[in-house]
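Visitor: First the structure, then my questions, so here it is.
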Ligand SMILES: Cc1cc2nc3c(=O)[nH]c(=O)nc-3n(C[C@H](O)[C@H](O)[C@H](O)COP(=O)(O)O)c2cc1C
Ligand SMILES: [Mn+2]
């Protein structure tokens, strides 16, 4: 049964002993961060944290909800993240039905998908309290994450787990993206959608039309909805349909009070407002996913017109920084869930590992069933052309007998297999907005490494050596005599 809302998920974490209550008063400026960081760095990602008394606000804060493999799987109501991939694979890999019986048996599957489309409701918990006369962001327990966050004149508070809802003015298609929100004052924030993202694309369209852009920032829906806001879906896929698929139940959407934007009805709080095309303001700096501050840069400005929330709002936040952090587990969920979708274009891909240290856009290791000369290089160029994989700064392709989740074995294979001049590919192209290494923002170079076995057709004049394995016979013998050795 899908979680009805965030608090139902919190209850489950509580019942399983995966959430710790902090009853003493804490400061949302940096203190919550330091406690959360220590939790994230403790074995297995520690526990989720519920801060009951937060200085300056009547509402509690919850952090580190998704910060372990166990909690991430619980969030998506699966026993392992591969289970979600399995469901997607099931849906995609339908062989065309051969006869009427097969056709009939396909119908429930297709019907299942349509069952997940968002449902529209008239009244919602997220609108229990409506403040449109004098909405004030200062009432929310928004945290300051790192010491140098924010500009002089503001407190450096950022909403770190927001779901930003916008609508494409041309197609009417909705989008939901997780873009951090820099709180400037009571009624004004930044809108940090990178230029590559769907929200920014909508904004460009409003700008071209010379129209004011409505938007809404929802915080604290059920966990599948929150995760979906971060998922790198193609622009044409509505995150709320995807969330419905993940939670196996439609997301209930309600219209905002001051605009036609729809938001999850089960949200804890919704900040309604608008952006005027062309108006920008310095956003950041902000201690980011990379473990460095992302630079202060001009971004669009969001004006608050109304805040609606539950009477007893629970405010969720995340802390990003040096890995491992909560967002690493959200990224790992994406690595698992999107594998079948990547396989649609590249069925030869067996597995992908995005190591946490690569903070997702820096490093991917890919195993493939290689079947022709240059195959690995095709994968490298192909992935650079696919959605947010365009940001991957280092791609390493290995043969399918390498378990890419075993980093030690993978490194050994790669370091032995590669002739650097022959096997590396360099390319220039777009980089993630958070990259700080390139000479210019958002544009720089990437490297691909073909670490597969090389063949004659690829110019290898020598025979590839055989990997060492003990014979089965001797292994069995040693197994059976193990006790005799007294080890
Ligand atoms: C905690 C967290 C914070 C994020 N902050 C931002 C951000 O400030 N700006 C941004 O462009 N992407 C950010 N992302 C990544 C986007 O959410 C992600 O790229 C998503 O696919 C964007 O949705 P879209 O494809 O609909 O634009 C963040 C992700 C997470 C998990
Ligand atoms: Mn999108």
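All of the numbers you see were taken from the coordinates with simple rules; none came from a lab. Keep in mind the model is a prediction, meaning the values are calculated, not measured. Here the Cβ is made from the backbone with ideal geometry for all residues, glycine too, and neighbour counts use every protein chain on show.
Visitor: Which percent of the Cα-Cα distances in the chain go past 32 Å?
Guide: On the way: 53773 of 118341 pairs.
Roughly 45 percent, once rounded to a whole number.
Visitor: Could you grab the relative contact order for the chain? Cα pairs under 8 Å, six or more apart, rounded to a whole percent. All intermediate terms of the calculation are to be shown ahead of the outcome.
Guide: Working: 1002 pairs, mean separation 72.5, N = 487.
Normalised by residue count, the contact order of the chain is 15 percent.
Visitor: For residue 445 and residue 42, what is the calculated FRET efficiency with R₀ set at 41 Å and r taken between the beta-carbons, to the nearest 0.05?
Guide: Calculated transfer efficiency: 0.65.
Visitor: Below 8 Å between Cα atoms, with a sequence gap of 6+, how large is the relative contact order for the range 302-366 in percent? Kindly include the intermediate steps, with their values, before the conclusion.
Guide: Numbers: 38 pairs, mean separation 16.1, N = 65.
25 percent.
Visitor: Using alpha-carbon pairs under 8 Å, 6+ residues apart, how would you state the relative contact order of the range 178-221 in percent?
Guide: Relative CO of the range 178-221 lands at 20 percent.
Visitor: Separation between the residue 425 and residue 99 pseudo-spin-labels, each 7 Å from Cα along Cα→Cβ, expressed in nm?
Guide: 4.5
Visitor: Given R₀ = 25 Å, what would the calculated FRET efficiency be for residue 27 paired with residue 188, taking r from the Cβ atoms and rounding to 0.05?
Guide: The value I calculate is 0.60.
Visitor: Where does each of 164-172, 127-135, 12-20 land if you order them by average Cβ count within 10 Å, highest first? It would help to have the intermediate numbers written out before the result.
Guide: Values: 164-172: 18.2, 127-135: 13.6, 12-20: 15.4.
Result, highest mean Cβ count within 10 Å first: 164-172, 12-20, 127-135.
Visitor: Then there is this: Once each part is reduced to its C-alpha centroid, what is the distance from the range 235-278 to the range 142-178 in angstrom?
Guide: So the separation of the two Cα centres works out to 14 Å.
Visitor: May I ask for the distance between the Cα centers of the range 281-352 and the range 428-460, given as a whole number of Å?
Guide: 23
Visitor: Continuing with the same structure: Place the peptides 334-343, 273-282 in order of packing, highest mean first, counting for every residue the other Cβ atoms within 10 Å and averaging per peptide. Write out the running numbers ahead of the final one.
Guide: Details: 334-343: 19.9, 273-282: 16.6.
Sorting 334-343, 273-282 by mean packing, highest first, produces 334-343, 273-282.
Visitor: A further question follows. Checking the a/c ratio against 1.5 first, then a/b against b/c, what shape does the Cα gyration tensor give for the range 24-183?
Guide: Cα axes put the range 24-183 in the prolate bin.
Visitor: Further question: With r defined as the distance between the Cβ atoms of residue 344 and residue 79 and R0 fixed at 30 Å, what FRET efficiency is calculated, to the nearest 0.05? Could you put the intermediate results ahead of the total?
Guide: Values: r = 25 Å, r/R0 = 0.83.
Using R0 = 30 Å, I get an efficiency of 0.75.
Visitor: Shifting gears a bit: Grab the Cα-Cα distance for residue 437 and residue 209, subtract it from 0.36 nm times how many residues apart they are, and report the gain in nm with one decimal.
Guide: On the way: separation 228, 0.36 × 228 = 82.08 nm, distance 3.55 nm.
Contour length minus the Cα-Cα distance gives 78.5 nm.
Visitor: Continuing with the same structure: Work out, step by step, the length gained on full extension between residue 90 and residue 154: first 0.36 nm times the residue separation, then minus their alpha carbon distance; give nm to one decimal.
Guide: Here the answer is 18.1 nm.
Visitor: Same structure again: Sorted by mean Cβ packing within 10 Å, highest first, what order do the peptides 177-189, 53-65 take?
Guide: 177-189, 53-65
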